[in-house]
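A short write-up of the structure that comes next.
The values are calculated or read from the model by the stated rules, or taken from the named source; none is laboratory data. Quantities reported herein were computed from a predicted structural model and do not represent experimental measurements. Quick reminder, even Gly has a Cβ in these numbers, built from the backbone with ideal geometry, and neighbours come from all protein chains shown. Ligands, DNA and RNA are excluded from the accessible area calculation, which covers all protein heavy atoms including side chains. Shrake-Rupley method; radii C 1.70, N 1.55, O 1.52, S 1.80 Å.
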Amino acid sequence: MKLRHIFIISFFLLVNVLIVMALQKGFSEKIEVKINKTFLPTLSATKVVNSEKEFKAMGYGNVSSFNTVNLISEVQGKLSQGVVDLKAGVKFRKGDLLYKIYDVEARYALRARKSGYINLIANILPDIKSDYPNEFTKWATYIETIKLNKTLPELPAWTSDKEKVFLSSKQILSEYFSIKGQEEQLKKYAVYAPFSGTISEVYITNFSVVNPGNKVIKIAQNSNYEISISIPTNQIETIKIGSEATILTTSNEIKGYGKVVRISDVLNQNTQSINVFVKATPVEGEKFIDGEYIKVDLNIEGKNKGITIPSLAIKNNSVMLYSSLDSLIRKKQISILNEDVNGTFISGLTDGDVIITQEVLNHQSSTKYNVIIK
């Protein structure tokens, strides 16, 4: 009996050991499978099926001043501000002194040169009196009209080619034109506003030393604005110079009105669109800001081919397309044609493309995704 009991107990122990080993092996395989399985974020998507719709042409763009000028120094010296502070955002009026450059040395140099010019003419007066007696009074009077602190008076007209050659041989003509050029150069030490506007950028601060070619400030006219918008090629034929437009904020509030003033001849190959420029005039109580992102509705209807997607799937006029070959998503530029309560109608995609229909946050080019196509 004891031997039988020992055999039974040994048998049950062996069975238990085998069961435990089998369970451990299965558990470890499950863990291995679980560890090796890669988690992929999931995005909502849809397949592109383009269709035709009829509505007004529209586009988005940034407001820009029609006159934007970089003021560049043409002379050398220490810079000091004029009647306005040299700070971005400061407004000025046409004719205001924007800045000036220290010019005392240049003024003294000009006066010294005028003094030498007077001496040149004085030295030829005896020759003029003997060789051109009828012209003596003219030149003697001319010397008296030259003032060192005033603009050089106009050179008297010569009455013969012989007199002209004589003046040229004595360096009178060359010195006269050199001084006139120096006077024009002196005007460049003070810079006045060519129009009313705003300082948009400042490159050199007050009391800094500038050299010829240095950018000083950038100014923009604040009463003359235009907006550049991209229009698909299938809509461009209906748009003409003078076509009227309604200008709205991104929340569809009327900001102003405008007219098409230019149509580009250059095609954007990425979006298959052409830039149209609209001159903008704000409605009463509104104003445009340089760089403001804005919507433009052109009062022209036509048939358009595209697809409607949720607005949040669009960022900076581009969407994300999914590739089943590598599970990656890539940016694709599109043209925004219209918006309504159902979403944004866009063009630039091919039938069968898989487009992401939700906002993609923290996207990296190497990240793989799963998609749910709806």
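One table, with the values for the structure above:
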{"quantity": "Percent of Cα-Cα distances greater than 24 Å, calculated over the stretch 96-240", "calculated": "57 percent"}
{"quantity": "Accessible area of the stretch 252-374 belonging to carbon and sulfur atoms, whole % at 1.4 Å probe", "calculated": "47 percent"}
{"quantity": "Charge dipole (the chain, unit charges on Cβ, about Cα centre) - positive-most of 194, 320, 365", "calculated": "365"}
{"quantity": "Segment residue 107-residue 44, extension gain: residue separation times 0.36 nm, minus the distance between their alpha carbons", "calculated": "15.4 nm"}
{"quantity": "Average Cα contact separation per residue, the stretch 147-301, under 8 Å, 6 or more apart, as relative contact order %", "calculated": "19 percent"}
{"quantity": "Long-range amide H partners of residue 217 with built H, under 5 Å", "calculated": "71, 203"}
{"quantity": "Per-selection Rg to Rh, the stretch 330-374 - Cα, Kirkwood hydrodynamic radius", "calculated": "0.97"}
{"quantity": "Flagged links, alpha-carbon separation over 20 Å, of 56/295; 78/114; 150/215; 215/279; 56/374", "calculated": "78/114; 150/215; 215/279; 56/374"}
{"quantity": "Calculated log₁₀ intensity ratio I(q)/I(0) where the Debye formula runs over C-alpha points of the chain, q = 0.07, 0.11, 0.15 Å⁻¹", "calculated": "-0.64, -0.94, -1.21"}
{"quantity": "Virtual paramagnetic centre 7 Å along Cα→Cβ of residue 85, amide N under 18 Å, in the stretch 165-208", "calculated": "197-208"}
{"quantity": "Span-like helix ranges in the chain, DSSP H, alpha carbon extent 27 angstrom or more, Kyte mean at least -1.0", "calculated": "2-36, 104-131"}
{"quantity": "Protein accessible area in the stretch 163-241, 1.4 Å probe - carbon and sulfur %", "calculated": "53 percent"}
{"quantity": "FRET efficiency estimate (nearest 0.05) - Cβ-Cβ, residue 204 to residue 183, R0 25 angstrom", "calculated": "0.50"}
{"quantity": "Cα centre as origin, Lys/Arg/Asp/Glu Cβ charges: the stretch 287-374 dipole, Debye", "calculated": "260 debye"}
{"quantity": "Residues with amide H under 5 Å from that of residue 196, placed H, sequence gap 5 or more", "calculated": "94"}
{"quantity": "In the stretch 115-151, trypsin sites (Lys or Arg not before Pro) in a DSSP loop with at most 10 other beta-carbon atoms within 10 Å", "calculated": "150"}
{"quantity": "Mean separation of Cα contacts under 8 Å (6+ apart) over length of the chain, as relative contact order %", "calculated": "28 percent"}
{"quantity": "Along each principal axis, Cα extent of the stretch 105-177, largest first, Å", "calculated": "39, 20, 19"}
{"quantity": "Per-residue HN-Hα couplings for the stretch 320-332 [Karplus 6.51, -1.76, 1.60; θ = phi - 60°; Hz; x = Gly/Pro]", "calculated": "10, 10, 9, 10, 6, 5, 10, 6, 9, 10, 9, 6, 9"}
{"quantity": "Distant-in-sequence amide H partners of residue 334 (H built 1.01 Å from N, under 5 Å)", "calculated": "318, 319"}
{"quantity": "Computed lengthening from residue 68 to residue 131, 0.36 nm per intervening residue step minus Cα-Cα distance", "calculated": "16.9 nm"}
{"quantity": "Given charges at beta-carbon only (K, R positive; D, E negative), |dipole| of the stretch 211-269 in Debye", "calculated": "280 debye"}
{"quantity": "Furthest towards positive pole of dipole, 133, 45, 65, structure part the stretch 44-155, Cβ charges", "calculated": "45"}
{"quantity": "Kirkwood Rh and Cα Rg combined as Rg/Rh, the stretch 55-180", "calculated": "1.28"}
{"quantity": "Distance from the stretch 305-374 to the stretch 236-263 (C-alpha centre basis), Å", "calculated": "27 Å"}
{"quantity": "Gain in span if fully extended, residue 211 to residue 327, counting 0.36 nm per residue against the direct Cα distance", "calculated": "36.2 nm"}
{"quantity": "Accessible area per residue, Å², the chain with all protein chains present, probe 1.4 Å", "calculated": "61 Å²"}
{"quantity": "Lys, Arg +1 and Asp, Glu -1 on Cβ, resulting dipole of the chain about Cα centre, debye, nearest 20", "calculated": "1380 debye"}
{"quantity": "log10 of Debye I(q)/I(0), alpha-carbon scatterers only, for the stretch 197-350 at 0.13, 0.14 Å⁻¹", "calculated": "-0.75, -0.83"}
